[in-house]
Amino acid sequence: MSFDGRLLSGIGVLAAVVEAGSFVRAADTLGLTQSGVSRAIARLEQRIGIRLLHRTARAVSLTDEGRRFYDEVAPLLQGIESAATIAAGAGAEVRGRLRVNVDPPFGHYLLTPRLPEFLTRYPELSVDLFVRDHLGDFVGEGFDIAIRFGEPEPSGLTCRLLMRAKVLTCAAPDYVARNGKPEHPRELVDHDCLLIRDPTTGRPFGWELRRGEDIVPVAVRGRLMVNDSESLIASCLGGQGIAQPLDFMVRDKLADGRLVQLLPDWSDETFPAYLFHRAQGLPTAKLRAFIDFVTRIV
């Protein structure tokens, strides 16, 4: 069977359109005209006999048939690109654009304070950072990598555990002075607790405190529920109530006394964060560099 180079070229153009989200941005990336990109997609659709893209005035998106086709060929295309890069001796060249999707706590407290050193180290690389509370359409939105808290749902993405953050129970000193300090997890039901909304359910995350193998679920109550980590910390600092932040969010505030840790013997609960990316074979140099970086900073 003869190899059709035009088919591979068309798939490469399709990948650029999917990652860029429009013909215009894909054309800029590929060094082609917008009409050249449109013609390449039309030839590919004619070659394989299905409509791949919905076209609107503002954006393009994959059809159902296009999604199935792209999900099959994208890992193969990535593998070809990575293998060619390494074979050419350019595996260490970190360049281009990296689209990153991260959970707000990780983005605000761990990644963005350290990101300047990563960009300084790789001057030919640029980063598009999306800090938001949901993963969204990873492939359709053209992300290279995502970092999300919580247990992963089944998907076609490559997934690996990045970290386990400890869940601490904290309050401001003036709250403790006014309301006392709980001595056992069950006493939390008598306190005003700060709740944080689970974006997948709309309900507050449940509380449970752990000490070794002992687990105590607590049906906490509170008059304030927030949907982001910064509001949670600000409310806790203001003395509104008791909160359960992740440890890296409050290290400095515990160290300087702005917050105090409650029930320290019951702080064995952890919350996992996972890395997600599409590369099932050899990851690109820019992706390897970013994975190495975030692994070092956690």
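The values are calculated or read from the model by the stated rules, or taken from the named source; none is laboratory data. What you see is a predicted model; the values in this text were computed from it and never measured. When we count neighbours, we look across all protein chains shown, and the Cβ atoms used for this are built from the backbone with ideal geometry, even at glycine. Note: areas computed on protein heavy atoms with side chains; ligands, DNA, RNA excluded. Shrake-Rupley method; radii C 1.70, N 1.55, O 1.52, S 1.80 Å.
Details
- Among the criteria (1) of a type outside the set (Phe, Trp, Tyr); (2) touching a helix residue (DSSP H, G or I) at 6+ places or on another chain (Cβ under 7 Å); (3) at pLDDT 95 or above, the one ALA177 does not fulfil is (2).
- Among residues of segment 152-198, those that are out of contact with any Phe, Trp or Tyr (no Cβ under 7 Å at 6 or more places or on another chain), more than 17 Å from MET249 (Cβ to Cβ) and assigned to a loop (DSSP other than H, G, I, E, B), counted: 10
- Flag for ARG203 being basic (Lys, Arg) and touching a residue at least 12 places away in the same chain (Cβ under 8 Å): no
- For GLY10: the one exception among (1) modelled with pLDDT of 75 or more; (2) under 18 Å from LEU287 (Cβ atoms): (2)
- Residue match in segment 206-214 (condition: out of contact with any His (no Cβ under 6 Å at 6 or more places or on another chain), under 19 Å from ALA172 (Cβ atoms) and not assigned by the TED database to the domain that holds VAL102): yes
- The numbered conditions (1) at pLDDT 90 or above; (2) crowded, with 19+ Cβ neighbours inside 10 Å are all true for GLU187 except (2).
- Candidates are the residues of segment 255-289 that are outside any loop (DSSP other than H, G, I, E, B) and open to solvent by 50 Å² or more (accessible area, probe 1.4 Å); the one that is nearest to ILE80 (Cα to Cα) is ARG288.
- Filter result (in a helix (DSSP H, G or I), of a type in the set (Gly, Ala, Ser) and either modelled with pLDDT of 85 or more or surrounded by fewer than 15 Cβ atoms within 10 Å (Cβ to Cβ) (or both)) within segment 80-96: ALA83, ALA84, ALA87
- Looking across segment 9-58 at every residue that is of a type in the set (Lys, Arg) and part of a loop (DSSP other than H, G, I, E, B), the one that is most open to solvent (accessible area, probe 1.4 Å) is identified as ARG58.
- Candidates are the residues of segment 215-251 that are in contact with a helix residue (DSSP H, G or I) (Cβ under 8 Å, 6 or more places away or on another chain) and assigned to a strand (DSSP E or B); the one that is nearest to PHE271 (Cα to Cα) is LEU246.
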